[in-house]
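Input: a single structure, listed below in structure tokens.
The values are calculated or read from the model by the stated rules, or taken from the named source; none is laboratory data. Because the structure is predicted, anything quoted here is derived from the model rather than measured. Cβ atoms come from the backbone with ideal geometry, glycine included; neighbour counts cover every protein chain shown.
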Amino acid sequence: MTTSKKLDAKIPSGPIQEMWDKHRFEMKLVNPANKRKYSAIVVGTGLAGGSAAASLAELGYRVEAFCIQDSARRAHSIAAQGGINAAKNYPNDGDSVWRLFYDTVKGGDYRSREANVYRLAQVSNSIIDQCVAQGIPFGRDYSGMLDNRSFGGAQVSRTFYARGQTGQQLLLGAYSAMMKEVGKDKIKLHVRKEMVDLVIINGKARGIIARDLVTGKITRHMADAVILATGGYGNAYYLSTNAMSSNGSAVYRAYKKGAFFANPCFTQIHPTCIPRHGESQSKLTLMSESLRNDGRVWVPKKTNDKRHPSQIPEEERDYYLERIYPSFGNLVPRDVASRNAKNQCDEDKGVGETGLAVNLDFRDAIKRDGLETVKAKYGNLFDMYERITDEDPYQVPMRIYPAIHYTMGGLWVDYNLMSTVEGLFILGEANFSDHGANRLGASALMQGLADGYFVIPYTLGNYFASNKFEAITTDDEAFVEAEKISNQLTDKLLAIKGKLTVDHFHKRLGEVMWEYVGMARNEAGLKKALKEIPKIREEFWQNVRIPGSGEELNIELEKACRVADFLELGELMARDALERVESCGGHFRDESQTDENEALRDDKKFAHVAAWEYKGEGKKPTKHLEELKFEYVPLSQRSYK
Amino acid sequence: MSSSKNMTLNLKVWRQKSKDAEGKMVDYQLKDVSPDSSFLEMMDQLNEELIAKGDDPVAFDHDCREGICGMCSLMINGRPHGPEDETTTCQLHMRKFSEGDTVVIEPFRARPFPVLRDLIIDRTALDTIMQAGGFVSVNTGNAAEASAVAICKCDSDLAMDAASCVGCGSCVAVCKNASAMLFVSAKVSQLALLPQGQVERRDRVLNMVKKMDELGFGNCTNEKECEAVCPKGIKITNIARLNREYMSAALF
């Protein structure tokens with residue numbers, strides 16, 4: 001296997017421990033007085049976008065930030081509950097940068113890029129320092145020092161948390177840093193504005209076309225670089241734990257403009273979500289993985305056992321994770337926990353009305369630590385569970401089932417987080433680089449903030465200092481053309497005036513994705529998905545009904561634009577899954593498993609990043625490979641036994 | 001899926017085409033609502049029916065549907081976020097309603113929160129208050145080692161209580177003065193309780209309160225309605241702390 005010429009990851013030479021320091025020294029700097037001459041557009045104000053916008057503005061660059069919500073404080077990073085990893089080793093339990101690096105590469109099932117992951121582990125400690133300085137009230141112990149909890153895929157306690165609202169607190173920290181800069185006019189903030197196209201001039205990303213979601217007006221925005229931090233594309237499945245407006249349109253449209261899409265099939269199913277209630281379900285709610293620290297997962301040993309959990313005696317319960325994986329027990333990585341839950345349900349051992357759930361039981365934790373301790377740790381999560389299900393988890397075990405939660409795939413980036421389009425940088429969940437085929441818990445927050453606070457401020461400066469930027473205006477032909485295409489798209493959608501709603505098509509796509517491109521995939525199913533998705537797409541373009549016009553606040557039009565992209569992106573995900581004939585992390589192919597039903601990698605053929613290049617409407621995209629070399633964490637079969 | 005548990009509701013919903021258009025209440029009967037649906041899933045169901053009939057769907061704000069992003073709002077039967085204590089609209093479930101109930105659904109109303117369409121309002125005034133001081137002025141890279149300063153768990157926990165604010169604006173919507181005091185006090189308290197917030201303590205409280213006044217929010221007259229409806233249980237002891245902070249900053 002050789003790496004495609006189009007995919008130069010620009011990994012610095014030398015030992016991995018010194019790469020980032022060496023690179024930082026070698027990168028060019030922009031003189032402080034010259035920084036104000038450069039401008040950047042940041043799309044998305046989650047952890048990655050918010051931290052990037054604030055940090056770049058602090059350095060003196062002119063920043064324009066965009067979000068689709070009514071405020072920069074609402075991005076879906078806010079919903080992360082459990083925590084953020086860092087290699088501080090405060091508990092003195094053997095953690096180090098090297099161990100965090102090692103765990104992340106192994107947890108990602110050897111499909112991430114070692115150099116990027118090492119840097120992530122390296123800057124993790126600075127993130128905690130920065131967040132504490134911003135006044136983020138992390139959990140503390142009675143000595144007043146920072147507390148840590150443990151999380152799946154690690155045998156040390158390295159996770160910092162703010163009750164069950166860590167994502168909220170970290171995001172509000174980044175948001176407050178942004179507000180500080182908005183107040184000083186260093187960031188121009190656009191709320192309720194959605195990027196609809198990327199503008200490339202002379203081979204460089206130089207701006208975006210945006211749609212004002214209140215007035216419908218299409219506007220042009222130019223800059224010297226464009227940063228996308230627009231999150232993942234899990235809503236391709238309709239039901240996921242993503243927020244309702246989370247979407248893949250910004251990255252998909254950048255893909256259509258030449259940014260390669262890497263490993264689109266790498267999606268993560270989270271094992272601890274609240275099972276669906278019925279047809280009107282609009283999204284799924286996740287219960288933090290931290291619950292697996294104290295909750296024990298079990299199903300009845302007998303099949304189709306419909307007894308109330310309290311009537312099932314100890315010897316008739318199967319604590320299957322503890323049984324199969326004695327050393328990690330309930331704390332196995334997410335993909336392993338999810339698949340095992342599915343296996344139990346497939347064997348008719350599932351619980352609840354639908355049989356599509358397993359128990360997560362706190363009985364023993366309450367007995368051991370007392371009700372108050374459990375309440376202090378997980379109170380808000382238990383309340384949330386009770387509100388949704390009308391059952392008291394202090395009395396009855398929670399019922400959980402896996403759901404789509406995160407997408408490890410995303411736009412391909414090099415070591416500097418630049419995509420295959422010059423001047424287009426991708427941060428956070430929107431890029432592909434750090435989590436391989438499976439993300440460990442409490443690592444998404446770490447990556448978002450690492451990219452925004454501690455990577456892009458350096459690499460963007462280097463890009464500015466190393467390039468010449470010719471003067472442009474928003475009257476440039478590329479802007480005019482991109483605006484025209486954006487207007488045509490909305491006009492075309494509004495002109496269909498069909499019979500079925502946007503949600504109807506989104507749900508149908510979601511069903512195909514979950515069934516054939518979900519937790520376990522196989523050749524026949526993926527081929528079926530590749531037939532079904534284009535059919536749904538065709539019908540969508542003939543029969544979708546969008547009331548109203550393009551010159552007003554139009555919630556159906558917003559959704560339709562996003563679903564139109566999911567209907568193409570879903571196909572790309574299925575295609576990538578079909579061609580990766582191995583199991584790794586969250587990508588499980590039925591054809592590729594060990595005798596014990598564990599994911600079986602094929603490192604000879606697939607130790608690579610598959611990066612897809614758009615070739616035009618109706619044409620098969622071209623696959624480019626980046627070979628992955630594991631020089632520091634030797635390739636081995638993951639085992640959590 | 002129809003089920004015998006499902007109910008029929010009589011909805012009265014505020015419809016307003018745009019910011020400057022005149023609005024009115026419109027009646028809709030909605031059948032077959034599952035008690036397991038969330039309130040917003042009930043609204044989705046209404047919208048699917050309206051679109052099928054050729055009407056415009058009801059525009060409302062929502063995003064995470066997990067009770068944390070603060071995007072959802074709605075006055076439900078005269079109470080922000082509906083009848084359940086410490087519950088956002090997206091986490092309210094239809095099992096709290098009964099067959100045949102009339103449900104009145106309006107936007108949050110306050111002068112600083114203009115209606116943009118139907119139930120969608122503009123809350124950027126809250127961000128503007130934050131820009132006046134809702135932060136610690138520490139630039140990226142300029143932080144000391146995280147464990148350098150120990151913080152009493154009691155203070156840290158109180159700060160966390162205040163920091164839980166989701167910025168939904170229900171405190172403003174319910175207050176007869178349209179005061180944003182609970183919102184402002186939550187941020188002022190969080191940062192006043194922590195050592196990191198000390199340097200800018202005085203300027204922060206003065207600037208945030210000044211901005212709040214400028215934007216047309218009213219003052220607090222101790223009705224405690226904000227505390228009663230806050231979906232995150234933010235206490236008005238924070239307003240007391242805000243007043244103390246303001247007094248000492250203004251006087252000394």
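So that you can scan it fast, the table gives a plain yes or no per residue for (1) of a type outside the set (A, V, I, L, M); (2) buried (at least 19 other Cβ atoms within 10 Å of the Cβ):
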site: A:TRP514; (1), (2): yes, no
site: A:ALA524; (1), (2): no, no
site: A:GLN542; (1), (2): yes, no
site: A:ILE546; (1), (2): no, yes
site: A:CYS561; (1), (2): yes, yes
site: A:ASP590; (1), (2): yes, no
Output for segment B:114-158, where each listed residue is of a type in the set (S, T, N, Q) and either more than 30 Å from A:GLY139 (Cα to Cα) or part of a loop (DSSP other than H, G, I, E, B) (or both): B:THR124, B:SER137, B:ASN139, B:THR140, B:ASN142, B:SER147
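Tell me yes or no: at least one residue of segment A:2-16 is under 19 Å from the mean Cα position of the chain (by Cα), over 19 Å from A:ALA177 (Cα atoms) and modelled with pLDDT under 95.
Quick first cut of segment A:2-16, residues under 19 Å from the mean Cα position of the chain (by Cα) only: none.
Within segment A:2-16 (the criterion being under 19 Å from the mean Cα position of the chain (by Cα), over 19 Å from A:ALA177 (Cα atoms) and modelled with pLDDT under 95), the answer is no, since none of the residues qualifies.
For A:GLY164, indicate whether it is in contact (Cβ under 8 Å) with a residue 40 or more places away in the chain, small (Gly, Ala, Ser) and within 24 Å of B:GLU66 (Cα to Cα). Before you say what the answer is, go through the steps one by one.
On the way: in contact (Cβ under 8 Å) with a residue 40 or more places away in the chain: yes; small (Gly, Ala, Ser): yes; within 24 Å of B:GLU66 (Cα to Cα): yes.
In short, yes.
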Failed condition for A:ALA65, given (1) assigned to a loop (DSSP other than H, G, I, E, B); (2) in contact with a Ser or Thr (Cβ under 7 Å, 6 or more places away or on another chain); (3) within 13 Å of chain B (Cβ to nearest Cβ): (1)
Segments classed as helices (runs of 4 or more DSSP H), wholly inside segment B:179-252, with at least 1 members that are among the aromatic types (Phe, Trp, Tyr): B:181-192, B:237-251
Of residues in segment A:110-160 being in a loop (DSSP other than H, G, I, E, B), within 11 Å of another protein chain (Cβ to nearest Cβ) and touching a helix residue (DSSP H, G or I) at 6+ places or on another chain (Cβ under 7 Å), the one surrounded by the fewest Cβ atoms within 10 Å (Cβ to Cβ): A:TYR142
Filter result for A:GLU558 (within 13 Å of another protein chain (Cβ to nearest Cβ) and in a helix (DSSP H, G or I)): yes
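Here is a list: B:ARG65, B:ARG95. Which entry is within 29 Å of A:THR241 (Cα to Cα), crowded, with 22+ Cβ neighbours inside 10 Å and at the interface with another protein chain (Cβ under 9 Å from one of its Cβ atoms)?
B:ARG65
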Residue match in segment B:20-29 (condition: away from every other protein chain (no Cβ under 13 Å), at pLDDT 95 or above and assigned to a loop (DSSP other than H, G, I, E, B)): yes
Residue count, segment A:170-199 (criterion: closer than 13 Å to A:VAL42 by Cβ and in contact with a strand residue (DSSP E or B) (Cβ under 7 Å, 6 or more places away or on another chain)): 10
Qualifying residue in segment A:607-621 (condition: at negative phi, touching a Cys at 6+ places or on another chain (Cβ under 7 Å) and either free of Cβ contacts under 8 Å to residues at least 12 places away in the same chain or in a strand (DSSP E or B) (or both)): no
Qualifying residue in segment A:488-507 (condition: within 14 Å of chain B (Cβ to nearest Cβ), surrounded by fewer than 21 Cβ atoms within 10 Å (Cβ to Cβ) and touching a Ser or Thr at 6+ places or on another chain (Cβ under 8 Å)): yes
Residue match in segment A:212-229 (condition: under 30 Å from A:LYS468 (Cα atoms) and within 14 Å of the chain's Cα centre (by Cα)): yes
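Pick out the one residue from A:ILE208, A:ILE218 that is surrounded by 24 or more Cβ atoms within 10 Å (Cβ to Cβ) and either more than 10 Å from chain B (Cβ to nearest Cβ) or without any contact (Cβ under 8 Å) to a residue 12 or more places away in the chain (or both).
On the way: A:ILE218 fails: surrounded by 24 or more Cβ atoms within 10 Å (Cβ to Cβ).
From the options A:ILE208, A:ILE218, the qualifying one is A:ILE208.
Does segment A:96-103 contain any residue that is surrounded by fewer than 24 Cβ atoms within 10 Å (Cβ to Cβ) and under 20 Å from A:GLY461 (Cα atoms)?
As a first pass, look at segment A:96-103 and keep what is surrounded by fewer than 24 Cβ atoms within 10 Å (Cβ to Cβ): A:96-99, A:101-102.
With the extra rule that they be under 20 Å from A:GLY461 (Cα atoms), the set shrinks to none.
There is no residue in segment A:96-103 that is surrounded by fewer than 24 Cβ atoms within 10 Å (Cβ to Cβ) and under 20 Å from A:GLY461 (Cα atoms).
Among the residues of segment B:11-27, which ones are surrounded by 12 or more Cβ atoms within 10 Å (Cβ to Cβ) and touching a Lys or Arg at 6+ places or on another chain (Cβ under 8 Å)?
At the first step, the residues of segment B:11-27 found to be surrounded by 12 or more Cβ atoms within 10 Å (Cβ to Cβ) are B:11-19, B:23, B:25-26.
Once the filter is applied, which keeps residues that are surrounded by 12 or more Cβ atoms within 10 Å (Cβ to Cβ) and touching a Lys or Arg at 6+ places or on another chain (Cβ under 8 Å), segment B:11-27 yields B:TRP14, B:ARG15, B:GLN16, B:LYS17, B:SER18, B:LYS19, B:GLY23, B:MET25, B:VAL26.
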Qualifying positions in segment A:255-308 - outside any loop (DSSP other than H, G, I, E, B) and either surrounded by fewer than 18 Cβ atoms within 10 Å (Cβ to Cβ) or out of contact with any strand residue (DSSP E or B) (no Cβ under 7 Å at 6 or more places or on another chain) (or both): A:LYS256
Subset of segment A:181-204 [basic (Lys, Arg) and either away from every other protein chain (no Cβ under 13 Å) or part of a strand (DSSP E or B) (or both)]: A:LYS188, A:LYS193, A:LYS204
Failed criterion for A:GLY248 (all others in (1) under 14 Å from the mean Cα position of the chain (by Cα); (2) modelled with pLDDT under 95 hold): (2)
Selection within segment B:124-170 - more than 7 Å from chain A (Cβ to nearest Cβ), in contact (Cβ under 8 Å) with a residue 12 or more places away in the chain and within 26 Å of A:ALA376 (Cα to Cα): B:VAL149, B:ASP155, B:LEU158, B:ASP161, B:ALA162, B:CYS165, B:VAL166, B:CYS168
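Looking only at residues that are polar (S, T, N, Q) and under 16 Å from A:GLY44 (Cα atoms) in segment A:221-247, which one is surrounded by the most Cβ atoms within 10 Å (Cβ to Cβ)?
Step one: list which residues in segment A:221-247 are polar (S, T, N, Q), which gives A:230, A:235, A:240-242, A:245-247.
Checking the rest, the ones that are also under 16 Å from A:GLY44 (Cα atoms) come to A:230, A:242, A:245-247.
Details: A:THR230: 34, A:ASN242: 29, A:SER245: 24, A:SER246: 24, A:ASN247: 27.
This residue is A:THR230.
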